[in-house]
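A quick write-up on the structure given underneath.
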């Protein structure tokens, strides 16, 4: 009975560890795009930022960026209104390995603020601070 219970707990915990994989991102590269915030999903387990980026055809492409959890970001000064629809933003990110538009949010500059998913550094490019 104990072995069955232990196996059930381990099986239930597996997806928890799996969602923290960085396998989809090329962590050896960084790219930058500038656009306009179209949507911010302030949801668990990770926030998503969507921006419209002008393309060379006169239109826009939508890029999606995965960030940290709302709780993690709140402890570093972020709120659900730190980034708003319509904000102009430049995002530095780790691109998707499959070439799709977007990736893992690293840092950004928006509305006079420097934003970072990690924070906690003396380097202003790595923290959230009002300028």
For the stretch 28-49, pairs from a residue that is at negative phi and in contact (Cβ under 8 Å) with a residue 60 or more places away in the chain to a residue that is loosely packed, with under 14 Cβ neighbours inside 10 Å and in a strand (DSSP E or B), with Cβ under 7 Å and 6 or more apart or across chains, are 32/90
Hand me the list of strands (runs of 3 or more DSSP E) wholly inside the stretch 24-117 holding 2 or more residues that are at pLDDT 95 or above.
-> 31-41, 48-54, 60-66, 88-95, 102-110
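The values are calculated or read from the model by the stated rules, or taken from the named source; none is laboratory data. Predicted model, so just to flag it, every value in this text is computed and none were measured. We place every Cβ from the backbone using ideal geometry, glycine too, and count neighbours over all the protein chains shown.
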